[in-house]
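The values are calculated or read from the model by the stated rules, or taken from the named source; none is laboratory data. Being a predicted model, the structure only gives us computed values, none of them experimental. Here the Cβ is made from the backbone with ideal geometry for all residues, glycine too, and neighbour counts use every protein chain on show.
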Ligand code: NAP
């Protein structure tokens, strides 16, 4: 499938650095072709945070429907939006911006992506459950907010830098009427906290680089648990491998990626009642992942 560019084509894209291995251009352009949207999605690498205001000013005067934001700018973009959805403010991160009548409205679709993937890929519903989130950055914030909205009984944020876990917990606690929120240091003393959880979510990049360990040892996991790694892989991640060995049900981040992208398309297509083609997007993302893995293998 290829995108046909005309004088009417609207733009979408992704701001971040680096973007060499981003699956979003392939995933989005496949979706636009499949549903007949005259849109084209391009990578928008921004070398320095100082350049971000100028990039955003340019987007305002170009025919953009919206854009995604990835590492390391998910927090910095908040200040450059005209309006930010409450869930994105709570998460402390915006990953999808809608360009609507000259205004930039920031959303966080990562949390919704995670909840959708848990439901679709492993049949997990967080309502009333005990959840542990590893990490306290933008993706962890989105996950915590989505578990509050999904009425989890308890969410514990585990982070290497415990102060960041505490600051995330403090930010969301006022909105968490039915969910108990805790913050714990991610070190050997966290074994029981992880073992007692119904669901363990990895929102750290540990496992992304070749030779990385699992972010938690397999001895902390067991067969009654669900494990979700936000890292996407053509096969298993290190966390998935130890989780599966322990008998847990494990899922990687590809389904989450697809669902956050699909939700962004549905926001950008305002009022068109469009349902993004998740199957097409998953196939395109998976193919791009295989291809980039091939390139990495070729290069080494
Ligand atoms: P981020 O804001 O940079 O946060 C990273 C978090 O990981 C921080 O809490 C950091 O702890 C922790 N961390 C980093 N290196 C660590 C290490 N060696 N050991 C223990 N903890 C470590 O990143 P993010 O945007 O939240 O993204 C996190 C991960 O989620 C990335 O791998 C990203 O690709 C993935 N993600 C996937 C999707 C998807 O759709 N599947 C969507 C969003 C993000 P400190 O606070 O101590 O530094």
**Report entry** Some residue of segment 15-27 being touching a helix residue (DSSP H, G or I) at 6+ places or on another chain (Cβ under 7 Å) and modelled with pLDDT under 95
**Finding:** yes
Query raised in the report: Does any residue of segment 154-169 turn out to be over 16 Å from the mean Cα position of the chain (by Cα), more than 15 Å from the ligand (Cβ to nearest atom), at pLDDT 95 or above and surrounded by fewer than 16 Cβ atoms within 10 Å (Cβ to Cβ)?
Result: no
Query raised in the report: Can you tell me which residues in segment 204-251 are in contact with a strand residue (DSSP E or B) (Cβ under 8 Å, 6 or more places away or on another chain), surrounded by fewer than 20 Cβ atoms within 10 Å (Cβ to Cβ) and modelled with pLDDT of 95 or more?
Result: 244, 249
Report task. Could you look through segment 49-85, keep only residues that are away from the ligand (no atom under 16 Å from the Cβ) and in contact (Cβ under 8 Å) with a residue 60 or more places away in the chain, and pick out the one that is surrounded by the fewest Cβ atoms within 10 Å (Cβ to Cβ)? Result -> 65
Report summary line: Residue pairs within 9 Å by beta carbon, gap of at least six or interchain, first lying in segment 172-193 and without any contact (Cβ under 8 Å) to a residue 24 or more places away in the chain and closer than 27 Å to residue 89 by Cβ, second more than 15 Å from the ligand (Cβ to nearest atom) and in a strand (DSSP E or B), listed first then second, are 173/181
